[in-house]
Amino acid sequence: MIRQFELVERVKAYDPAVDEDALNRAYVFSMKAHGSQTRASGDPYFSHPLEVAGILTRYRLDGASIVTALLHDTLEDTKVSFDDLKQSFGEEVAQLVDGVTKLSQLELQSDKAKQAENFRKLVLAMSRDIRVLLVKLADRLHNMRTLSHIRSADKKRRIARETMDIYAPLAERIGMNDIKDELQDLAFQELNPDARDSVLKRLGFLREKGGESLIGRILDELEEILAEGGVKAVMSGREKAPYSIWGKMQHRQVGFEALSDIMAFRAVVETVADCYQALGVIHSHYPLIPGRFKDYISTPKQNGYRSLHTGVVGPEGQRIEVQIRTTEMHDIAERGVAAHWQYKEGLQHPTDGRQYRWLQELLDILESAAGPEEFLEHTKLEMFHDQVFCFSPKGDVYALPQGATPIDFAYAVHSEVGDHCVGAKVNGRMVPLRVALQNGDQVEILTSKKQTPSPEWEQVVVTGKARSRIRRFVHREQQKQYVSLGRDILEKSAQKAKRELTEAMLRKVTEALHCDRLEDLYARVGDGQITAREVIDKVYPESKRLIPSLNLGRRARPKSKAGDHAVPIRGLIPGMAMHLAKCCYPLPGDRIVGIVTTGKGVTIHTIDCDTLANFSDSPERWLDVAWDVGDGQDGKLVSRLLAVLINEPGSLGDLASVIAKHEGNISNLKFTNRTVDFFDMMVDVEVRDAKHLATIVAALRAAPAVVSVSRARH
Ligand code: MN
């Protein structure tokens, strides 16, 4: 526990004019008020407000905030009244403590408040004086640090969830990044310890791969280069927090690979001019990775963050990110609002006009910011942010849309290269053809005369050129197959109907059936546009009524499984059969849509299922539906994952154990493609809902054997 004089000394160190007497009185007042109360850990209750005050001294907050921290639980948990506080510590402190208390009460009611965003706004609105929020954040931070002492698992989870959904984003909004990082990491540890472990393991693996001193060597070289360039800089290298790495892995298709995914190198310099000079020095020494440069000095983030970010192929060929900022900017990046206060306002009374106006502006920005778009705002100025620039081995640059794959690249080089593409090396390493290219990648396409475009490719390309070329080829191939299938169907149907059906007879009815050539007729029978019966009826018009319904040339529809009906979905037509589509395997939590098929009922697809494109011309068949399950979905549903693994012993075992560890059950497993380096597979997994599956996907991405994994969409 911090002792009384220690606390006072800490505050005096940054604010010599602080009201020492008020601090001393608050210390004693709070200790007496909490008396013999204890925390879940068994510690005296008073240790908590004292720690909260201690946290706030790190942010060099004013005396009133520290006094408030000491008293913050007295209104709620002791017999002390608002008037008592007002009498002993004045109106300002009493109001602050009252504000913190109101926030805590809000928290109790919010248990069911699902709309975290609205709640966050409410919290901000209630903390008219930003110091209320700062005390509340420190309070939450200390409660999270001591979370393990709480016995009820439910309560622990609830607190952690709330921290993740509400307090960490709030800390970020007001720019207090180190509090945000710590809150997120503590909550992550409680909510998903397995995921956190797998990130830490992966970090260890990457660290080992680079060699113990790699980071040190990079730092040394950067320091040297900057010194030669005449810039005085303090360099540091920092690993990103496990939770932010995990977040990235959940949103991106690939696991983390490069050092730049996990490390941030930082140069802290003296002046703004130094920042740009340092940037110049770094760019003149190392090739820069296009699209990675961000100037948050000329365009600060809305939470006040300022810095230059750039990505280069740095020392030892490592792709690294470097952040360049002044000491003041650095301080603001770490301490956010609290630092602003000091730089902008000095340590004068924070309720004066200027302070208040600034706070009001901040609240206005937060009020008007409409969710994630706000974050996109920062990248708006970045030119070409929807494009990636890749290089051929000769150094030619190709601009491709975001999400482009090596196949797109191959077709961009030349149609022939695309058609015969069998593999690709990105930055010297073999990669699967479906991997999305990143800015600055060097791509080498391997070809073979024997290779032809695969229908699968159409799903992995994003450029029009590649798509149309693949489609044309596939269409031609399909036509060939339909022709032979149609010929087959007609032959068998004729046998069944005991009729003769020669080519000459068919030629005679070709025109009547609106076909140009006989080939055409075969093809249209093959793909089901014309039934065999229609053809036979045309050849033998007199027999029309004698032939029983043949239902030829179409595949029999499989009956929907009885089990599917147990899945609760809102918006269905009563009495109509329903089943879940076997292309996208929808799960509770997914956004879904129903497609009505006469005689078959309703098929439920996920909203992003590729199959839906087939129904875009028939809006009358679309049915608005939604899941009707709460959080406690008992049954398990099957969903399908497409994974690419490294072809080496143990890969498959790794995959299976990760899935098992996260309580998924593999119900089917199939290799779809196998090469020397990789194999593609299809894995059916039984899960509770979409969230459960997302967790498994993210955990798989962390596994070293897994190159990529995604949900089936077609
Ligand atoms: Mn508290």
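Derivation of every value follows stated rules applied to the coordinates shown; laboratory data play no part. These numbers come from a predicted model, not from an experiment. No Cβ is skipped: glycine too gets one built from the backbone with ideal geometry, and neighbour counts run over all protein chains shown.
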Checklist entry - What is the fewest-to-most order of I470, I150 by other Cβ atoms lying within 10 Å of their Cβ? => result I150, I470
Next on the checklist: I want the local charge near E416. Using Cβ-Cβ distances under 11 Å, sum +1 for each Lys or Arg and -1 for each Asp or Glu among the other residues.
Outcome noted: +1
Checklist entry - Let a ≥ b ≥ c be the square roots of the eigenvalues of the Cα gyration tensor of the range 652-714; is it rounded (a/c under 1.5), or, if not, prolate (a/b larger than b/c) or oblate? => result prolate
